[in-house]
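None of the figures in this text is laboratory data; all of them are computed from the coordinates on show. All of these numbers come straight from a predicted model, not from anything done at the bench. Note: ideal-geometry Cβ built from the backbone for every residue, glycine included; neighbour counts use all protein chains shown.
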Amino acid sequence: MATQLLLGNEALAQGAIDAGLSAAYAYPGTPSTEITEHILRSAEARSGEIRCRWAVNEKTALEAALGASYAGLRAMASMKHVGLNVAADPFVNAAIAGAHGGLLVNVADDPSMHSSQNEQDSRLYADLALVPCLEPSDQQEAYAVPAYAFELSERHRVPVLIRLTTRLAHSRATVEVGARNPSNRLSVPEDPERFILLPAIARRSYERLVARQPDFVRDSEESPFNHLSQHGDRSLGIVACGIAHNYLLEVTDGAPSHPILKVGQYPLPERMVRWLVEHCDRILVLEDGYPFVEAKLSGLPPRSAPAIHGRLSGDVPRTGELTPDLVAAALGRGALDRRAASSVPAPRPPALCPGCPHADTCKALHEALASQTSARVFSDIGCYTLAALPPLAIIDTCVEMGASITMAHGASEAGLRPAVALIGDSTFAHSGMTGLLDCVNAGAQITVIIVDNLTVAMTGGQRSAAENRLASICRGLGVEDAHIRVIEPHPRNHAKNVAVLDEEIRHPGPSVIIAQRECIQTARRAARRAPSGGPR
Amino acid sequence: MKRDIILAGVGGQGLLAVAAVLGEAVRSLGLRLKQAEVHGMAQRGGAVQSHVRFSDRPIYSDLVREGTADLVLALEPMEALRYIAYLRPDGVLVSDTRPVRNIPDYPDLARILAELAAISPHRLVDAALLAEKAGSAQATNLVVLGAASPFLELPEAALVGGIRAVFAGKPDAVLAANLRGFELGAEWSRAVA
Ligand SMILES: Cc1ncc(C[n+]2csc(CCOP(=O)(O)OP(=O)(O)O)c2C)c(N)n1
Ligand code: SF4
């Protein structure tokens, strides 16, 4: 056993590598990105022993992993929580078709929305799809979970969801790691028809999945990641899920004085829960994310004792990340003696880097729209979303990936014009292309600006899927050649760029402007790397 | 032995490098470590922080509780002030004094420095000055780490080893400037005491 300093994400990735992983697909997204970056850096990925790739989006990533699982290999797809919305269709249906080689879906949730637009809880997706879910409480468990989950997945022939939250994903600790186990050999399922989800087959498969639920519960009862301690003062029983268990140990100096149910595997271990509910006067549920377990325990009134406390009862705030201080407060321990926070510091939101090409595009757009008071800019998600903040303050919307072109389409047809869509190169490949085809088919009067910085900048500079093929993709989707314009966003081209934008905004059909200049961060990195050569 | 530290700064200042040096030093000593970092959006010039905990005993939480940090180590004065509620009553504050004014409404610097100076013990270091002396304007983060080194309860050799490990792939001149910056910060801090 060697020890390594690993982020929760990296521990999960290393655990998967050592568990005989053969294929890993992902779309980047904070806080999940380092899972795949760790695999990409591994000797096994570099030698080709593990196939590891950034996919165009989360749906294609999960489907590719499902294909590898079909071929008998241990495979996984990784994404942030909102990525599972994009991949929800393959996720829910893969649960019915089932896995062959072990199939893991690794999802990093972001309570408190440190880098996200919501704090949805992926445990609800596992519940919806009726598959087991594992929630490691620390980095060492994050390392141990993949081997266990691959075995579980192969034994029950279902995908398994592994849920992390930001804090564990992005916290580093010393982890004991072992050696790599052999990977599976190529093999096809012995019952291949279960992958053909025609209603007659799907009904049977779904019945089988439902019939397996008690087995999943039994596994949870015996799981190394669930533990019931019956010791201590039964006036209170505590359920601590995932990382909440660490916070509980922290505030009780490692020795909680009440019975504790540590939960790291779902569905809930029913016998353990029942013991706690039957033997304790009150129950406190500690969980990072939604009041998922609390809601399951609470049921609907009228309901017999004991009272269930947690986020729904107000003992823990309903929203936001769980912290050890919140756990202490829920246990009725007062705040520690501390200095008052200072009122002087001002918020310091993130901002575009000085010299960012997106800023030049937005300045030109600002000028081109100066006289058009009814103009709306429907933006998307990426570094350019920061143009929402002053001094640029040019975008009107940012809802989810891909919603720029499609919202502009609907708004334009409703009569709100000019309608401008602002979308990054990676986001365009992720989920912008299909919406553009809608616009072409409808002849919609919209102007799409693809801010092409030749990378996925927001998440750290991964390779963009449609690099240098944006114009030909737009042409292929049917945008007229004359209305696919390429500009270089740079202060020296400002006047020229304003003129191009102005022309295309006046065009009564769909037009695309590709504003292409490399992100200065990735350009700098490439320049630094240049002496040793090699492509990015 | 146990240390709980809050690192604070502005995205792009090299805060994660400081965290990495601490991590390597702690690991080389066979101590346990937990280090919660901020990745993602905030790294674009926003406020960033990291919780670093090390001990010879098991560490449970990845986050430091308010009122318990032994040290706040900040690369920017307003960011230092943002986290003082984490300090235990006799905790140490170490901060660079030069502001990063990348927001329109940056508060009165004199007031910030006065509030920081009211915390005892403290080290308020003009890191840019020492970094320049060390041969790299970019080494301010290592200067501040040096200034904090007397309060870390880690042997200096382990910290130097951490710097060597983290900057291993970098040109020799960069490594040398970072090592020198760390030493100048440490010397300055000891002289103030
Ligand atoms: C469904 C979903 N997946 C992933 C993310 C995380 N994410 C936010 S923006 C972005 C990509 C941005 O790339 P691009 O559009 O090229 O813009 P850039 O940041 O390079 O300016 C990603 C991966 C997300 N918010 N939603
Ligand atoms: S990382 Fe690149 S794209 Fe993002 S703000 Fe900085 S320069 Fe612009």
Do you know the relative contact order of chain A, to the nearest whole percent, from alpha carbon pairs under 8 angstrom that are 6+ apart? 11
Counting only DSSP beta bridges with both residues in segment A:211-351, tell me the antiparallel percent, nearest 5. 20
If neighbour count is taken as other Cβ atoms inside 10 Å, put A:LYS296, A:LYS80, A:LYS262 in order from fewest to most. A:LYS296, A:LYS262, A:LYS80
Let me check I've understood the local charge: for A:GLY443, count other residues with C-beta under 13 angstrom from its C-beta, Lys and Arg +1, Asp and Glu -1. What total comes out? -3
Just to confirm my numbers, what's the Cα centroid distance between segment A:102-129 and segment A:178-244 in Å? 17
Expected max-MSF residue from B:SER149, B:SER136, B:SER28 in the GNM of chain B (alpha carbon, under 10 Å) is B:SER28
Using 1/(1 + (r/R0)^6) with R0 = 30 angstrom and r between the beta carbons of A:LEU124 and A:VAL217, what's the FRET efficiency to the nearest 0.05? 0.95
Ordering A:506-516, A:200-210 by per-residue average of other C-beta atoms within 10 angstrom, highest first, gives A:506-516, A:200-210
Compute a Gaussian network model of chain B, connecting alpha carbons closer than 10 Å, and tell me which residue from B:ALA117, B:ALA80, B:ALA147 fluctuates the most. B:ALA117
Shielding of B:28-40 by other chains, given as the mean Cβ count within 10 Å, works out to 6
Whole-Hz ³J(HN,Hα) for each residue in segment A:149-162, computed from phi via Karplus 6.51 cos²θ - 1.76 cosθ + 1.60 with θ = phi - 60°, x for glycine and proline: what do you get? 6, 4, 5, 4, 4, 6, 5, 9, 6, 9, x, 10, 8, 10
Add +1 for every Lys or Arg and -1 for every Asp or Glu among the other residues with Cβ under 11 Å from the Cβ of A:ASP110, and state the total. -3
Compute the signed sum of charges (Lys and Arg +1, Asp and Glu -1) over the other residues within less than 10 Å, Cβ to Cβ, of A:ALA328. -1
So, with +1 on the Cβ of K and R and -1 on the Cβ of D and E, and no other charges, what is the size of the charge dipole of the protein assembly as shown about its Cα centre, to the nearest 20 debye? 700
In debye, nearest 20: dipole of segment B:2-192 around its Cα centre with unit charges on the Cβ of K, R (+) and D, E (-)? 340
Fewest to most Cβ atoms within 10 Å: A:HIS490, A:HIS409 sort as A:HIS490, A:HIS409
Can you sort A:VAL188, B:VAL72 from fewest to most other Cβ atoms within 10 Å of each residue's own Cβ? A:VAL188, B:VAL72
Ordering of A:287-294, A:479-486, A:115-122 by packing [mean C-beta count within 10 Å, highest first]: A:287-294, A:115-122, A:479-486
If you count, for every residue in A:322-328, the Cβ atoms of partner chains within 10 Å of its Cβ, what is the mean? 4
Report the relative contact order of chain B, percent, no decimals, based on alpha-carbon pairs under 8 angstrom and at least 6 residues apart. 22
Averaged over all directions, how much area does the convex hull of the C-alpha atoms of segment A:254-364 cover when projected, in nm²? 13.2
Could you pull out the trypsin sites (Lys or Arg not before Pro) across segment A:88-190 that fall in loop regions by DSSP (anything but H, G, I, E, B) with no more than 12 other Cβ atoms inside 10 Å? A:ARG185
Give the lysines whose C-alpha is closer than 24 Å to that of B:LYS170, dropping any in the same chain fewer than 8 places away, or say none. B:LYS133
Share of Cα-Cα pairs in segment A:2-211 beyond 32 Å, in percent? 11
Restricting to chain A, compute how many DSSP beta bridges are antiparallel as a %, nearest 5. 20
Residues in segment A:371-385 that a label on A:VAL399 would reach, taking backbone N under 17 Å of a point 7 Å out along Cα→Cβ: A:376-382
Folded to 0 to 90 degrees: helix A:213-222 orientation relative to chain A principal axis, Cα: 70
Quick check: Cα centre of segment B:29-68 to Cα centre of segment B:94-148, how many Å? 21
What size of dipole, in debye to the nearest 20, comes out for segment A:109-261 about its Cα centre when the only charges are +1 on Lys and Arg C-beta atoms and -1 on Asp and Glu C-beta atoms? 480
Pick out, from B:VAL26, B:HIS122, B:LEU7, the residue whose Cα sits farthest towards the positive end of the charge dipole of segment B:2-192, with +1 on the Cβ of Lys and Arg and -1 on the Cβ of Asp and Glu. B:VAL26
Ordering of B:170-178, A:25-33, A:339-347 by burial proxy (mean other Cβ atoms within 10 Å per residue, highest first): A:25-33, B:170-178, A:339-347
For peptide A:334-341, the mean count of other chain Cβ atoms within 10 Å per residue Cβ is 6
Which lysines have a Cα lying under 27 Å from the Cα of A:LYS296, excluding residues fewer than 8 positions away in the same chain? A:LYS80, A:LYS262
Out of B:LEU159, B:LEU109, B:LEU93, any idea which swings most in a Gaussian network model of chain B, alpha carbons joined below 10 Å? B:LEU109
